[in-house]
1. If you take every DSSP beta bridge whose two residues both sit in the range A:3-148, what share of them, in percent to the nearest 5, is antiparallel?
2. If you find the alpha carbon centre of the range A:35-94 and of the range B:263-313, how far apart are they in angstrom?
3. Just add up the charged neighbours of residue A:88: K/R +1, D/E -1, any other residue whose Cβ is under 12 Å from the Cβ of residue A:88.
4. Reported to two decimal places, what Rg/Rh ratio describes the range A:152-313 when computed on Cα atoms with Rh from the Kirkwood expression?
5. Please find, in a Gaussian network model of chain B (springs between Cα atoms separated by less than 10 Å), the residue of B:288, B:108, B:72 whose mean-square fluctuation is greatest.
6. Using a 7 Å offset from Cα along the direction of the beta-carbon, what are the separations from residue A:182 to the same position in each other copy, nm, ascending?
7. Could you list the residues of the range B:18-48 with an amide nitrogen less than 15 Å from a label point located 7 Å from the Cα of residue B:1 in the Cα-to-C-beta direction?
8. Length gain on complete extension for the stretch residue A:285 to residue A:102, per 0.36 nm per residue less the alpha carbon to alpha carbon distance?
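Just so you know, all these numbers are worked out from the coordinates, no wet-lab data involved. As the structure is a prediction and not an experimental result, all values here were calculated from the model. Note: ideal-geometry Cβ built from the backbone for every residue, glycine included; neighbour counts use all protein chains shown.
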2 protein chains.
Amino acid sequence: MKLSELGEFGFIERIRQAVAKAPGVAVGIGDDCAVLELPPGERLLTSTDLLIEDVHFRREWTDMGLLGRKSVSVNVSDIAAMGGTPRYLYLGLGIPDGLAVEELDAFVAGFLSACADYGATLVGGDTCRSPGPLLISVTVEGTVPAAELVCRSGARPGDAVYVSGTLGGSALALRRLLAGETPDAEAAGRHHDPRARVELGRALAAAGIPSSMIDVSDGLLADLGHLLEASGVGAEIDESALPLSEALQASLIDAPNSIELALSGGEDYELLFTVPPERESLLAALAVPVTRIGRIVLAAGLAVKQRSGTLRPASPAGYNHF
Amino acid sequence: MKLSELGEFGFIERIRQAVAKAPGVAVGIGDDCAVLELPPGERLLTSTDLLIEDVHFRREWTDMGLLGRKSVSVNVSDIAAMGGTPRYLYLGLGIPDGLAVEELDAFVAGFLSACADYGATLVGGDTCRSPGPLLISVTVEGTVPAAELVCRSGARPGDAVYVSGTLGGSALALRRLLAGETPDAEAAGRHHDPRARVELGRALAAAGIPSSMIDVSDGLLADLGHLLEASGVGAEIDESALPLSEALQASLIDAPNSIELALSGGEDYELLFTVPPERESLLAALAVPVTRIGRIVLAAGLAVKQRSGTLRPASPAGYNHF
């Protein structure tokens, strides 16, 4: 079916009917605004992301269902990075001529399935025609108890630096796709269907463990750079301690320089956080999949201890859009 | 200056420095999320809009400062339509190659000036490259005391239908621009720099006057159609009662069919609302610039009483993006 047969309001009505009623939603899709009742005493967290065809994704590399899921996850990851609970999402779509309703339905189904995974609900949005690429704009609102909020700015000299999960899988998949190859399934999964670390972020924040936190979207060094700048400190990272994705470990045999993908590759959507020494035992007691990769130092700047033992100054190079 | 010289984070830092500290903002631009403290007992209102070059605007018809202002106003208008106070805005920008930093600075200055007009603050966003058109994504958060919320769904048979200000100016300017002509200054102002009726919306809501309300963005009949559908009622509108913009009144002399611009033209950003008979005296006491244009009836559907006296059924035709 063509979208012109269904119409803008027909499409919105289809989405509205697919969304279940959720707690706290006084008015959802279908009025001028969503109207929400937040838990008393919690802070509102809001983040917004643009995903633009041929900048953030290519339609020939992904399917629309996974693209819908990823649109949610990359946005929700920002809530996780502050220790929050994602609650409400807004979806803006700029739709190119000729995109079939079936493709849009698959996108929306993926979007809603990811919302459900995170316990969040789609409550509003905007749809219009795009004269060029497919445009996706997502805004997420979450909440966090005021005392449990974790910012980028709290790292102090002596804190340990930790990262969750593994690094480099998404960037390795992207490198393969750009070379016209088929990525390994694990890496492809990390690239096309990343998971925001919401439960981990909540657990860390509720236990009062991190002094600062950020998610790894631009790349480990770039995001650590943001955190160091906000905190006014420096860091030393141990390259040999980095938790590498299985596919990246395998690729290192033939291409040792691939380690750069773990340092600067981006889109891992893991949590990068700092822990004061006296709280490291609390972290160990949580038994969560995290790895100590370095420490915060007083002097500004970022140094990477290479496998050879040499300490090299690193620039926090990550993805810069311009 | 080229944006590539300033960089993504240089551009964001420029914006951050231009934004003043505002009440309720625990963390603004520069972390994973904005962190906000809302007034206790109020409901959160959120709306999001996309503005896409060559769909919603043309760069040769407007200047970037006014485009920044309009991006705020069309979004804030949705808060006004529910009786709320706009508080926090988020700006997503997809920036085409070659757009000068000076143009972006003008856009941001316009955006911030409109935020200030409405007492609202920019607290977050996302910037990236666009492979095609300039893309603007705006999200606004506002609040409203729970008892003063006005929805689309409360209109009842016997209620009077009112609209604020004047209609048709924006659509008349657009018609002139599409014909390659220069629009009249009043109409051009309505098109390029519309004002959201925030104070009026708040005054109406605080006084408990409207049974339902919506803003006129798609066109009077289209938006009234949305309101009627949400309320499960119909309406009769008196064409001769419509408050026409001065430029539209003048154009009617040569082109009587221009009345369609007031009925279906869109982008007036006036408030359209219904008032139960017993509250019309309260409205009169408020002494606000509003006009009674018709009444709500039990039977579904929308009829327009023409200047000739004939009642014709009207389809709620407005802007459909597909």
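1. Numbers: 22 of 33 bridges.
Roughly 65 percent of the DSSP beta bridges within the range A:3-148 come out antiparallel.
2. 39
3. Values: positive: A:87; negative: A:37, A:141, B:141.
Counting the neighbours of residue A:88, the net charge comes to -2.
4. Numbers: Rg = 15.4 Å, Rh = 15.9 Å.
Across the range A:152-313, the Cα-based Rg/Rh ratio is 0.97.
5. Its mean-square fluctuation being the largest, the pick is B:288.
6. Computed spacing set for this position: 6.3 nm.
7. In the range B:18-48, the label zone of residue B:1 (backbone N under 15 Å from the point 7 Å along Cα→Cβ) covers B:18.
8. Numbers: separation 183, 0.36 × 183 = 65.88 nm, distance 4.75 nm.
Contour length minus Cα-Cα distance gives 61.1 nm.
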